[in-house]
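Scroll down for the structure; my scribbles are underneath it.
Read-outs throughout are calculated quantities, based only on the coordinates presented, and are distinct from any laboratory measurement. Quantities reported herein were computed from a predicted structural model and do not represent experimental measurements. Heads up, the Cβs are rebuilt from the backbone with ideal geometry, glycines too, and the neighbour counts pull from every protein chain shown.
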Amino acid sequence: MLPSNSVIRAQVRMLVDVIAVDTQPLTNRSLVRRVIDLGGDGGEWHKQFLARGLQTYEKLASKTARCYSVGEQPTLIDVCLVPCVWNAEHYDVDLDALPTVKRVYKTMMEPEAVQTAHWRNQHDCPQDGA
């Protein structure tokens, strides 16, 4: 999932960090529950940080993306992007201004295995997804 070419590998890792280090941890359930405990709006917290992370991804990936985030083969960033977009959809983050996000996500969602893995398709998922 990491290309052998060092430049391409660095591009993949940079994008992975945007999603897996700078975006997803801020939307983890325990952190959002703490925000709510402190009187904040958990939904708005999610939207703010998901939107910011995906906008950063968009800016960077628009320079490297073809079929996937970095080139013509799926890499680690594509695997990280999918659940981030699932989360963004759940919290109604507007993806209309993010054409690279939408295009790569659409490509990644083509395999039946990815569609089956969606959290909404899990037999033990609560109806509200919470």
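Across the stretch 51-58, rounded Karplus estimates of 3J(HN,Hα) from the backbone phi angles (6.51 cos²θ - 1.76 cosθ + 1.60, θ = phi - 60°) give 4, 4, x, 5, 5, 5, 3, 4 Hz, Gly and Pro being marked x. Only Lys, Arg, Asp and Glu carry charge here, each on its Cβ (+1 for the first two, -1 for the last two); on that basis the chain has a dipole of about 440 debye about its Cα centre. Coupling constants for the stretch 82-99 follow from the phi torsions by the Karplus curve (6.51 cos²θ - 1.76 cosθ + 1.60, θ = phi - 60°), and in residue order they are 4, x, 5, 5, 4, 4, 4, 5, 4, 9, 6, 6, 6, 9, 4, 8, 10, x Hz; glycine and proline get x.
Projecting the Cα atoms of 109, 65, 48 onto the dipole axis of the chain, where Lys and Arg carry +1 and Asp and Glu carry -1 at the beta carbon, places 65 farthest toward the positive end. If you work out semi-axes √(5λ) of the Cα gyration tensor in Å from the coordinates, which of (i) 25, 22, 13; (ii) 26, 17, 13; (iii) 31, 15, 12 do you get? Among (i) 25, 22, 13; (ii) 26, 17, 13; (iii) 31, 15, 12, the one derived from this structure is (ii).
Near residue 47, which lysines are there with a Cα under 23 Å away, not counting those fewer than 8 places off in the same chain? Cα-Cα hits under 23 Å: 59, 102, 106.
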